[in-house]
Amino acid sequence: MALRDDYLENPAKRVKLRIRRLLRRELPLSTIYLARFLIGKTIVREISGARLAGRIVETEAYLTGDAACHAFRGQTPRNKSLFLGPGHAYVYFIYGSSFMLNVSSVKAGVGEGVLLRAAEPLEGIDVMQRYRGTDRLVDLARGPGRLAEAFDIDRSLDGVDLCSRGPLWLGTSVREPARIGESVRIGINVDADRVLRFYERGSPFISGTRKLNVS
DNA sequence: AGTGCGATTGACT
DNA sequence: GTCAATCGCACTA
C-alpha cells in the first residue's frame, strides 16, 4: 500500500495536517450514529509541544440498558465521565495493564459512550513509536489499549472536554472513510450478540479477527 | 476487609 | 492457535 510505504520511508516526518476541532453540535445525538460518525474523524493529542494525530478506524457503542456498558448499574466514581454529556473523555484502566478511551454521548446525566478501538497514525508517528516501543506502523494503535498507549492517554485525561482546546480533542476528517463494516463487539461476554462495532473496511489498522471483518 | 473479574496484550506452542 | 499477567473497582458482608 502506497500510503503505508510512504510512512515507513519517513518515520520521523512531522506532517501538520489541516484539522479543526469538531463542534459539540456536530456530534450525532444517538450513540450508535456517533460511533459510525467517528470513523474517519481524527483524535488529536497535544503534549509538551508535540502534536499526535490519528484517524479513527474502529469504534464500539455502549448504550443505556446494555449490560456490557459500564454505566449499566448506574453512576460510580469510575464511570462518572460517561455522564458528562456529549464529547467528553471517559478513560478507565482494565486488566491491570491497559487504558481505554471513550467518547461520552447523548446528554448530561445519561451514561452512554463510544470506545475508540483503533486509529491510523497520521502525525507524531516517531513519538508514538517511542511510547509503544515498536516501529511497526500498523501496531501503533491497533487495539484500544495500544491506542491509549500510543497517544499517552491515562486517567489524568478522564473527563477532558474533547470539543475544547486542550490536551486531547476530536478533529475533522482528513480523508473520507471507505465503506463502514459492522460486527459484534470484541471481548464482551454479556449482550454479546448486538452489532455495535464499526470499522473502516479494508483498513490494516483495525483490531479483531478476519472473521469479524467480513460483514 | 475480602473477593472476583474484566470493553487486553504480549509471549509462547 | 492458547494462555498468564496484573490491579483497580464494584460488590458482598
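Mind checking the log10 I(q)/I(0) for the stretch A:29-106 at q = 0.13, 0.18, 0.23 Å⁻¹? Debye, one equal scatterer per Cα, no solvent, two decimals.
-0.45, -0.84, -1.24
List A:Met100, A:Met128 from most exposed to least, where exposure is judged by having the fewest other Cβ atoms within 10 Å.
In increasing order of surrounding Cβ atoms, one gets A:Met100, A:Met128.
Give a residue-ordered list of calculated ³J(HN,Hα) values for the stretch A:181-191 (Karplus: 6.51 cos²θ - 1.76 cosθ + 1.60, θ = phi - 60°; whole Hz; x for Gly, Pro).
Here the 3J(HN,Hα) series is x, 9, 7, 5, 7, 8, x, 9, 10, 10, 6 Hz.
So, in Å, what gap is there between the alpha-carbon centers of the stretch A:154-213 and the stretch A:67-144?
The distance from the Cα centre of the stretch A:154-213 to that of the stretch A:67-144 comes to 9 Å.
Working from the alpha-carbon coordinates of the stretch A:106-159, get Rg over Rh, Rh being the Kirkwood radius.
For the stretch A:106-159, the value is 1.08.
Per DSSP H run of n ≥ 4, the term is -39500 (n - 2.57); total these for chain A, divide by its residue number, and report the mean residue ellipticity at 222 nm rounded to 500 deg cm²/dmol.
Calculated from helices alone, the mean residue ellipticity at 222 nm is -3500 deg cm²/dmol.
For the modelled label position 7 Å from the Cα of A:Arg175 along Cα-to-Cβ, which residues of the stretch A:93-134 have backbone nitrogen atoms closer than 20 Å?
Under 20 Å, as judged by backbone N against the label point of A:Arg175, lie A:117-129 of the stretch A:93-134.
Please compare each pair in A:Lys41/A:Lys107; A:Lys16/A:Lys107; A:Lys16/A:Lys41 to a cut-off of 23 Å on the Cα-Cα distance and tell me which ones are over it.
As for pairs spanning more than 23 Å Cα to Cα, those are A:Lys16/A:Lys107.
Whole-Hz Karplus ³J(HN,Hα) for the stretch A:49-65, in order, using 6.51 cos²θ - 1.76 cosθ + 1.60 and θ = phi - 60°, x for Gly and Pro?
For the stretch A:49-65, the Karplus-derived couplings read x, 8, 10, 10, 9, x, 9, 5, 10, 7, 9, 9, 9, 10, 10, 4, x Hz, x marking Gly and Pro.
Neighbouring Cβ atoms within 10 Å as the yardstick, rank A:Ser97, A:Ser104, A:Ser81 fewest first.
With the sparsest Cβ surroundings first, the list reads A:Ser97, A:Ser81, A:Ser104.
Only counting other Cβ atoms within 10 Å, I'd like A:Ser203, A:Ser30 sorted with the fewest neighbours first.
With the sparsest Cβ surroundings first, the list reads A:Ser30, A:Ser203.
Going out from 0 in 5 Å bins, what whole percent of all Cα-Cα distances in the stretch A:20-214 drops into each bin?
Spelled out per bin, shortest first, that is 1, 9, 18, 23, 23, 16, 8, 2, 0.
No lab work stands behind these numbers, since they all come straight from the coordinates. Being a predicted model, the structure only gives us computed values, none of them experimental. Backbone-built Cβ (ideal geometry, glycine too); neighbour counts: all protein chains shown.
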